[in-house]
Each structure stands twice: as structure tokens, then as C-alpha cells.
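Notes follow once the structure below has been shown.
Each value in this text was obtained by applying a stated rule to the coordinates, not by laboratory testing. The structure presented is a predicted model; accordingly, all values stated were derived computationally and were not measured. Please note: Cβ atoms are built from the backbone with ideal geometry, for glycine as well, and neighbour counts cover all protein chains shown.
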Amino acid sequence: MTRRTGHVTSHRPLLKASSPAWLGTSAPIATPQTSARRVALLGIPAGPNLSRNLFRSRLADLGWVEDKSLVLNMRFTHGDGARLAPLTAELLAP
């Protein structure tokens, strides 16, 4: 059996970087910024919505606070497809 000679690669940096994942520790995925971030949501119905509530809940779990570190700009078409373009333009405006 021949032994390989040459450059030895250290896996230590990779192990250090990935250790939180394989150790099961949680590292924050999103770090809230000092200024509020803007998130635009375009939906069809304006009433209560399970997906929207889960989205808000997960953002809170990650440390985002609505109206402090995060501003949710929501617009709804109410089933009228003709409103998509104007509402999208409104949400994308600075």
C-alpha cells in the first residue's frame, strides 16, 4: 500500500464553523438591526390568515419586534387581480 505524501489539509476551521449545527445549539439566523427593516407582503384576503400569523410568530422567535425592529407593509387584492400591479408598485416604492 502506498502512502500519499504532500499537503495535509486541516479540517479544524470547518469543524469549528459547523459545530453549532451538529452540537444542536441554536445560533440566531437573523440578527435584528438597529434601524427597522421593512418587509412587504402582498396577499389576496385581508382577514385572519394562518400563514401570515405563523410568519409573524417565527419573526418574533428570531428576535424581530414588529413596529420596532421590523415594519410589515401589507397590501391585499381582495380577489381583484387588477389590483396586483398597482399594489406591487406601491410596496416597492421607496
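Brief remarks on what is shown
- Test: residue in segment 42-62 that is assigned to a strand (DSSP E or B), touching a strand residue (DSSP E or B) at 6+ places or on another chain (Cβ under 8 Å) and β-branched (Val, Ile, Thr): no
- Residue that is exposed (fewer than 14 other Cβ atoms within 10 Å of the Cβ) and of a type in the set (Lys, Arg), where the choices are 52, 75, 58, 83: 58
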